[in-house]
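So the structure is just underneath, and the comments pick up after that.
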Amino acid sequence: MENTSTKYNHIEAEAKWYQYWLDNKYFHSEPDEREPFTIVIPPPNVTGVLHMGHIMNNTIQDILIRRARMQGKNACWVPGTDHASIATEAKVVNKLKAEGIDKNSLTREQFMEHAWEWTHKHGGIILEQLKKIGASCDWDRTKFTLDKDLYDSVIKTFIDLHKKGKIYRGIRMVNWDPVAQTAVSDEEVTYKDEKSKLYYVRYQIKDSDEYITIATTRPETILGDTAICVHPDDERYKKIHGKTVIVPIVNREVPIIVDDYIDLEFGTGALKVTPAHDENDYMLGQKYNLDIVDIFNDNGTISKAAGHYIGEDRFDVRKKITADLDKLGNLVKLEDYTNRVGYSQRTDVPIEPKLSMQWFLKMQELVKPAIENVVNDNIKFSPQRFKNTYMHWMENIRDWNISRQLWWGQQIPAYYLPNSNDYVIAENPEKALVLAKEKTGNANLTIDDLRQDEDVLDTWFSSWLWPISVFDGINNPDNEEINYYYPTNVLTTGHDIIFFWVARMIIAGYEYRDELPFKNVYFTGMVRDEQGRKMSKQLGNSPDPINLIEKYGADAVRVGMMFCSPAGGDLLYDDNLPEQGRGFSNKIWNSYRLIDSWEVDSNIGQPEYAEKAVTWLNYKISQTLENLDTQFETYRISEALMTVYKLFKDEFSSWFLEIVKPAYQQPIDIKTFNEVKAVFEKLLKILHPFMPFITEEIWQKIETRNDKESIMISNMPVIDVYEKDILEKFEQTKEIISNIRNIRKQKNISYKTSLELFYKDDLNSYDNIYETIITKLAGVSEIKSTKEKIDGAIQFIIKKVEYFIPMAELINPEEELKKLEEELKYTKGFLTGVLKKLSNERFVQSAPAAVVEKENIKKADAEAKIKALEEQIINLKK
């Protein structure tokens, strides 16, 4: 051991040890004979920066990977980033706009140059930031979803699924994002309740003075109406079946159709049908062969097809058309109405239902093994409740719209034939040309005659392959790495992407490996502020994680986040959490400093109390390791941290060190000193996955180490045989000492004053195994047995053994009598509450037997205490 500073310098230690780990390649993994333990990181956006959710998620992953590494497994944590097509392209477009460049003025190749420049400049920052929290990823394996091998994997998958008849192209109603100007999937739409209006508008029946009134929340879409629909059983409208009406503003003549799809209770029972801008209306349009009028441009402005308000924003037109309808006498009334509006998660603008030519993946058959293997727990979810969420989506799944109207991403490998919508699917233009010649019989075709589809694939279409593609399992399905590392052990991710990513990876795993992609899924919650609000830049309620690490230390931030991170539960963050983590770091450091300060004498023997304490703590460590195994197996990682925290803070620091530490200015024997270091080293190893930096710093100091040694590649302590009876007896010893200490505090008795302790044990249950510890920690001169109660003594009871501390000369009888009577009154009230509960037949019959038994024990203890208190009061009154 070496002399050390009074304060732990986390900034110095973190920089030193992380570089040491990197230099020695402790994070790197290669296939070998050991059992693999694999995690693939949920790839953050390539241009993203670290936020509190990343801290929580990646801390959990690092805890799991470091623990596996110390258990002798070949731990491999693959890092990487996602190209995030919509988000990244939006940033590049905004950057170009700030430079006076319109994306539409560029060729695809020119735009991609700008996008790559942006990515190289801003990409990878988040991975560097992850190193600050101690993430032990195998950085040599860092992947990006647009790396050539991953890009090729996506294209190969598309081609394969198309050959299998699972990918098709067609016009469908999609969720259109007018800001990103691309389709987005159903899962990328968030619904919000908004206070809006219900507009009642009347349409004149042709060749009549009569009108039919409809109710709509979107009057601007009147410009695209091609029918009015009523229910066949609605008596109000039977006389107008088959007639036509005039659409106001545009004066378009459209039919009245009849269908039982109509909700008789909504509005007036008559529905305006706009096939181009509502999914249900589109189905009616297909069913009744209605015209389709697309009134929106891709940017959400009104198109030429509408004939009015051309080029104006959709929401501006809503106001204008309302005023114009009123002027024309077609606006009947307005009503307040709460409407559920779909918003694009990416840009936070209302999506527009829009007909668009898109590429789709058929999902009905693909999902079957993914459903079966979650239902039967081949893939385990923690918490289990997310199985229901998963199953609801999977059982109601729709075809996946996999195309996006963007340039940043994997370009769809469809090549259109000259002057045709017909196409061939191929890995590259050269192969496409061969197929095109075969398809057309035209040997004179050139690559320039072919036109590749402009769209790119949905970002999730690349990340659904992530656990396979990072090991090149699509391009080389039988390579050594995919066979060794796959399936991975656990996925740690937020429950908000259970559909986007988790479900789709499971689908891809069974489609391309006929195997699960991971054995366990650990769902984290969301980090919120003290008011329960989601942390965001807009609200300004999210601290900068890097600033927190610099202020409190990485270990403190990790531990602080994990103290309140139940699986799947949201974490309410405040600065007390890292402060608490820093307090724990200081406790560990100060424990080391205390041990480091002891003078060692090799000529003195080991006292009995030290020998007993070492045995007890080693037993306690084994019991704790047993509990930790269960907690980790069930992914109760926050609980596991609390278990380790209590082991160190309560058992080691508060009890063990107090027992073994030498008297003031006295040396400690060499045997005890070495055993203290040994148990301290065990505790450091158990703590290491949670707090890697401080544990490495102290571990390197407590013994002389070789150049390439590290706690992170040392062996985790194993569970030794332990005696539960010994542990139970020590808990009773703690109670005895605590009672005596409380008596000293209550009676203001100095520790310099020795006390006598008598015990009355009618059941022969007293054990003197820890008497030397009681003597030392409680300031007791001797411990004796007694057959009779001792007059003038303070009494307490533990496990039906009565203990007496004579106080005749140390207390004021009147004050003591008052305290005993108050305690008697409280205990009788407590007993009344217990008896009331036990007299409730419903409680006794319905509560678990263990709960009822616990209440009976409380009853017996309270009755014994009341009896003892009454006897003490009688003795004091004599």
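The values are calculated or read from the model by the stated rules, or taken from the named source; none is laboratory data. Note that the structure is a prediction, hence the values are computed from the model and not measured. Note that each Cβ is placed from the backbone with ideal geometry, even for glycine, and that neighbours are counted across all protein chains shown. Ligands, DNA and RNA are stripped out before the accessible areas are found, and what is left, the full protein with its side chains, is counted by its heavy atoms. Shrake-Rupley method; radii C 1.70, N 1.55, O 1.52, S 1.80 Å.
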query = Given labels modelled 7 Å from the Cα in the Cβ direction, how far is it in nm from residue 372 to residue 108?
reply = 3.9
Cross-link table 612/784; 729/752; 148/431; 16/682; 195/534; 320/354, entries beyond 25 Å C-alpha to C-alpha = 729/752
task = Starting from the Cα of residue 818, draw a straight line to each of the lysines and keep only those under 16 Å, dropping any in the same chain fewer than 8 residues away.
result = 747, 828, 877, 878
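What number comes out for accessible area per residue over the chain if the probe is 1.4 Å? Units Å², please.
46
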key: Solvent accessible area, Å² - residue 67, 1.4 Å probe, full protein context   = 40
request  = Starting from the Kirkwood radius over alpha-carbon pairs of region 566-667, derive D by Stokes-Einstein at 20 °C in a medium of 1.002 mPa s and give it in µm² s⁻¹.
outcome  = 134
task = Could you pull the accessible area for residue 23 with a 1.4 Å probe, rounded to 10 Å²?
result = 110
request  = Return the lysines within reach of residue 238: Cα separation strictly under 28 angstrom, same-chain partners fewer than 8 residues apart disregarded; answer none if there are no such residues.
outcome  = 206, 272, 287, 333
Relative intensity, log₁₀ I(q)/I(0), of region 778-878 from a Debye sum that treats every alpha carbon as a point, q = 0.14, 0.22 Å⁻¹ = -0.65, -1.14
inquiry  = Once neighbouring chains are kept in place and the probe is 1.4 Å, which whole percent of the accessible area of the chain is contributed by carbon and sulfur?
reply    = 47
task = May I ask you to compute the full-extension gain from residue 874 to residue 786, defined as 0.36 nm times their residue separation minus their alpha-carbon distance, rounded to one decimal in nm?
result = 29.8 nm
inquiry  = Relative to 2.2 N^0.38 Å, what does the C-alpha radius of gyration of region 634-675 come to as a ratio? Two decimals please.
reply    = 1.62
Geometric extent, Cα atoms of region 427-547 - Rg, Dmax (angstrom) = 21.7, 70
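Could you tell me whether region 331-415 comes out rounded, prolate or oblate from its Cα gyration tensor? Rule is a ≥ b ≥ c as square roots of the eigenvalues, rounded for a/c under 1.5, then prolate if a/b exceeds b/c, otherwise oblate.
In terms of gyration-tensor shape, oblate.
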task = For region 470-513, take the alpha-carbon Rg, divide it by the Kirkwood Rh, and send me Rg/Rh.
result = 1.01
remark   = Taking Cα atoms only, Rg over Rh for region 743-829 with Rh from the Kirkwood formula is 0.97
key: Probe 1.4 Å, all protein chains present, accessible-area order of 558, 236, largest first   = 236, 558
query = Can you give the helix-only mean residue ellipticity at 222 nm for the chain, where every DSSP H stretch with n ≥ 4 adds -39500 (n - 2.57) and the sum goes over all residues, rounded to the nearest 500 deg cm²/dmol?
reply = -13000 deg cm²/dmol
query = With Rg and the Kirkwood Rh both taken from Cα atoms, where does Rg over Rh land for region 238-321?
reply = 0.99
ask   = To the nearest 20 debye, what charge dipole does the chain have about its Cα centre, counting +1 at the Cβ of each Lys and Arg and -1 at the Cβ of each Asp and Glu?
value = 1700
query = Peptides 406-416, 858-868: what's the order by average Cβ count within 10 Å, highest mean first?
reply = 406-416, 858-868
task = Using every pair of alpha-carbon atoms in region 39-154, split the distances into 5 Å bins beginning at 0 and state the percent of pairs per bin, rounded to integers.
result = 2, 10, 19, 20, 15, 13, 9, 6, 3, 2, 1, 0
ask   = HN-Hα J couplings of region 144-149 from phi, Karplus 6.51/-1.76/1.60, θ = phi - 60°, integer Hz, Gly and Pro as x?
value = 10, 5, 9, 4, 4, 5
message = Taking a cut-off of 16 Å, what percent of all Cα-Cα pairs in region 144-183 are separated by more than that?
response = 60
key: Extension reserve of the residue 6-residue 603 stretch, reckoned as 0.36 nm per residue once the Cα distance is removed   = 212.0 nm
task = Estimate the FRET efficiency between residue 434 and residue 163 by the formula 1/(1 + (r/R0)^6), using the beta-carbon distance for r and 22 Å for R0, to the nearest 0.05.
result = 0.90
key: D (Stokes-Einstein, µm²/s), Kirkwood Cα radius, region 505-591, 1.306 mPa s at 10 °C   = 105
ask   = So which lysines can residue 97 reach, going by Cα to Cα under 23 Å and dropping same-chain residues fewer than 8 places off?
value = 121, 537
Cα→Cβ-extended label distance, 7 Å offset, between residue 539 and residue 320, nm = 3.7
ask   = Given R₀ = 30 Å, FRET efficiency for residue 251-residue 398 by Cβ-Cβ distance, to 0.05?
value = 0.20
message = Students sometimes get this wrong: rank 277, 162 by accessible area, probe 1.4 Å, all chains present, largest first.
response = 162, 277
note = Computed from every Cα-Cα pair in region 257-407, P(r) in 5 Å bins starting at 0 and rounded to whole percents is 2, 6, 10, 14, 16, 17, 12, 9, 7, 5, 2, 1, 0, 0
request  = Count the DSSP beta bridges whose two residues both fall in the chain, then state the antiparallel fraction as a percent rounded to the nearest 5.
outcome  = 70
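Work out the FRET efficiency for residue 762 and residue 724 from their Cβ-Cβ distance, taking R0 = 30 Å, and round it to the nearest 0.05.
Rounded to the nearest 0.05, the efficiency is 0.75.
So for the chain, Kirkwood radius off the Cα pairs, Stokes-Einstein at 4 °C and 1.567 mPa s: how many µm² s⁻¹?
Estimated diffusion coefficient is 39 µm²/s.
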key: Listed residues 120, 241, 688 arranged by accessible area, highest first, probe 1.4 Å   = 120, 241, 688
In Å², nearest 10: area of residue 691 left accessible to a 1.4 Å probe = 0
request  = At q = 0.21, 0.23 Å⁻¹, work out log10 I(q)/I(0) for region 334-384 with the Debye formula, treating every Cα as an identical point scatterer and leaving solvent out; two decimals please.
outcome  = -0.89, -0.91
query = Between residue 851 and residue 677, what length comes free when the chain is fully extended (0.36 nm per residue of separation minus the Cα-Cα distance, one decimal in nm)?
reply = 58.5 nm
task = Kindly identify region 25-80 as rounded, prolate or oblate by the Cα gyration tensor criterion: order the square roots of the eigenvalues as a ≥ b ≥ c, call it rounded if a/c is under 1.5, otherwise compare a/b with b/c, prolate if a/b is larger, else oblate.
result = prolate
